[in-house]
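Every read-out reported here was derived from the displayed coordinates using simple, explicitly stated rules and does not represent laboratory data. What you are looking at is a predicted structure, and each value in this text was computed from that prediction instead of being measured. Glycine also receives a Cβ, built like all others from the backbone with ideal geometry; neighbour counts cover every protein chain displayed.
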Amino acid sequence: MGDFTQVLAQVATDVAGLATGKLARFKDQLVADAEAFAKAKQADIERWAGLVAQGQLSLDDAELLALGAKNLVQMRAQTYAGIAKIRLDELKGQITSIVLKAAIGLL
């Protein structure tokens, strides 16, 4: 895989796009949380992306693996006060998907 900083740059761009409406004021925190998750799971993400690129793993299966790690997305709950738990879970899922797709896109 290429330089992981490219993955982080794509993650930052895509996650910033999630920060609309009530979430707009949390854009910087969301990006930081997503980047921290990507760095923490870098080895797994690179492995899953490589397997997808080689045709040994489907994108759907890779996303399921990434979603299994979504609880590792450390969202600063006190910062996101007022955002429903369901929405936070959705964000975690979206972030894990963005991170994986960014990695696959560089292969």
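Build a GNM of the chain with springs between Cα atoms under 10 Å: which of Gln94, Gln56, Gln42 gets the top mean-square fluctuation? Highest fluctuation among the options: Gln56. Here each label is just a point 7 Å from Cα along the line to Cβ, and for Leu64 and Leu88 those points are 2.8 nm apart.
Helix 4-18 and the longest principal axis of the Cα set of the chain meet at an angle near 40°.
Give me the net charge for the shell around Thr5: Cβ to Cβ below 11 angstrom, other residues only, Lys and Arg +1, Asp and Glu -1. That sum, taken over residues with Cβ under 11 Å, equals -1.
Taking all Cα pairs closer than 8 Å and separated by 6 or more residues, the relative contact order of the chain comes to 42 percent. Just to be sure I understand: with springs between alpha-carbon atoms less than 10 Å apart, which residue in Ile45, Ile86, Ile95 has the highest mean-square fluctuation in the Gaussian network model of the chain? Of Ile45, Ile86, Ile95, the most mobile in the Gaussian network model is Ile86. Rounded to the nearest Hz, the phi-derived 3J(HN,Hα) couplings of the range 96-103 under the Karplus curve 6.51 cos²θ - 1.76 cosθ + 1.60 (θ = phi - 60°) are 5, 5, 4, 4, 5, 5, 5, 5, where x marks glycine and proline.
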